[in-house]
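What follows is a single structure, written as structure tokens, with notes after it.
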Amino acid sequence: MLRFTRLLCALLAIAVFTFTAIIQGLTVATLSDARYIYRLDYRGTADVTVIVNATGQDYVRLSLEPGFVEGTLTVYTENGTPLYFNVSNGVATIYTYGQVGMLIAEYLAQVGNVSEEVIINVTIHPQGPASVFLPQGTALTYVTGDPDINFMNGSIVLLFSKPGTYSIEYAVIPPTQTTATTSSTAQSSIITSSESSSTTRITTQSSETNSSISSRSSSSTSPQQQLSQYLPFTGLAVVAAAIVAFSLIKSLRRRPAITEPEVTSGLDDRDLAILSALAGGELSLSDIARKVGLNKSVVWRRVNRMMREGYLERRVVKGRTMYRLTEKGLRAISSER
């Protein structure tokens, strides 16, 4: 009996060792060589792109950003072939079976919030080097991690060289308009207004102060003194511009949610608008969303459905996903014209 027990234990140990060896044989890609790209917007939402070298690996585990928007993840090869994956507890497991060189994952994540209506606070967690594109019309006010700061197409780009957790704060720059006026009539009206206001102040003061201020106002003023008279007006203009920007952003945040009608067959007006936007050539998902004026997640769902139905096709250009019409898509918009 003792001999039989020892034999059973030995067989069990061999089975455990063999199973462990098989499991270890399934290699997992590390993300130290992955490249992260974040495109931020005015509401703290990020369009995240992760490019991973999965050569010789069986599957990839990708930790998604906290705030990952369910249903927005797409994974495909550099040739545009979709890959199977599942998501559990914020981690996407992507199966490559050793047949994929480069894979690309794209998804949306709410990585920040808006405070005081014009300040956006963002926190990101890249597992490799990252490029972060701030929206146009914003100014960087705070960042951790000591990134390199560059400018591209009117946007600030932050380049982080290693993985980590980084906090970024940026502010919306309110639009300001300055109009130069050289008319002598306008200048004289401003000066007259200043003189009348100074006269009002004079009457509320003592006679001694009144006489001293009158003597100063009657003398010729230097350009520096004239400029100081206009500084209050400049301050009021800046305050007014900030109030206008505050109102605009507040109204945008109160915009009602977009309702997405369910399309079971055929193409509706929104589908045709997306196809028409691509009639001029291939575009990225962000470009399509801007052209048709729809939420990016709405466009993403429709684009993926139309790809399955053969109206669109996808390809990767320098790490960026682009979409274009197929022959079927061209026929669809031609029949509507």
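The values are calculated or read from the model by the stated rules, or taken from the named source; none is laboratory data. Since this is a predicted model, take the numbers as computed values, not measurements. We place every Cβ from the backbone using ideal geometry, glycine too, and count neighbours over all the protein chains shown.
Would you please name the residue that is modelled with the lowest pLDDT, looking only at residues in region 112-136 that are touching a strand residue (DSSP E or B) at 6+ places or on another chain (Cβ under 7 Å), assigned to a loop (DSSP other than H, G, I, E, B) and of a type outside the set (V, I, T)? Taking the candidates together, the pick is Q136. Residues in region 123-144 that are surrounded by 16 or more Cβ atoms within 10 Å (Cβ to Cβ) and over 14 Å from Y38 (Cα atoms): T138, V143.
Scan R314, R302, R290 and give me the residue that is outside the structural domain of L103 (by TED's automatic domain parsing), at pLDDT 85 or above and in contact with a Lys or Arg (Cβ under 7 Å, 6 or more places away or on another chain).
Numbers: R314 fails: in contact with a Lys or Arg (Cβ under 7 Å, 6 or more places away or on another chain); R290 fails: in contact with a Lys or Arg (Cβ under 7 Å, 6 or more places away or on another chain).
Answer to the selection: R302.
Specify the residue that is nearest to the chain's Cα centre (by Cα); the eligible residues are those in region 64-102 that are among the β-branched types (V, I, T) and part of a strand (DSSP E or B).
Our first condition is that a residue be among the β-branched types (V, I, T); within region 64-102, this holds for 69, 72, 74-75, 77, 81, 87, 91, 93-94, 96, 100.
This time we only want the ones that are part of a strand (DSSP E or B), so: 74-75, 77, 87, 91, 93-94.
Working: T74: 17, V75: 19, T77: 23, V87: 23, V91: 21, T93: 25, I94: 24 Å.
Checking each candidate, the answer is T74.
Filtering region 152-170 to residues that are at pLDDT 90 or above and either in a loop (DSSP other than H, G, I, E, B) or over 27 Å from L64 (Cβ atoms) (or both) leaves S161, K162, P163, G164, T165.
Given the criteria in contact (Cβ under 8 Å) with a residue 24 or more places away in the chain and out of contact with any His (no Cβ under 6 Å at 6 or more places or on another chain), does V87 qualify?
Values: in contact (Cβ under 8 Å) with a residue 24 or more places away in the chain: no; out of contact with any His (no Cβ under 6 Å at 6 or more places or on another chain): yes.
Spelling it out, it is not the case that V87 is in contact (Cβ under 8 Å) with a residue 24 or more places away in the chain and out of contact with any His (no Cβ under 6 Å at 6 or more places or on another chain).
Please return the ranges of helices (runs of 4 or more DSSP H) entirely within region 265-326 where 1 or more residues are over 22 Å from L73 (Cβ atoms) and in contact (Cβ under 8 Å) with a residue 24 or more places away in the chain.
Details: elements: 269-277, 285-292, 296-308.
It comes to 269-277.
Residues in region 126-150 that are among the polar types (S, T, N, Q) and in contact (Cβ under 8 Å) with a residue 60 or more places away in the chain: Q127, S131, T138. Here A109, A139, A105 are screened, and the one residue that is touching a Phe, Trp or Tyr at 6+ places or on another chain (Cβ under 7 Å) and either closer than 25 Å to R302 by Cα or not in a strand (DSSP E or B) (or both) is A109. Among the residues making up region 283-299, those that are under 14 Å from D271 (Cα atoms) and surrounded by fewer than 16 Cβ atoms within 10 Å (Cβ to Cβ) are G293, N295.
Within region 61-81, residues that are not assigned by TED's automatic domain parsing to the domain that holds L103 have Cβ atoms under 9 Å from residues that are among the small types (G, A, S) in no pair, counting only partners at least 6 apart in sequence or on another chain.
When region 17-43 is limited to residues that are at pLDDT 90 or above and either crowded, with 20+ Cβ neighbours inside 10 Å or in a strand (DSSP E or B) (or both), the one that is nearest to the chain's Cα centre (by Cα) turns out to be L40.
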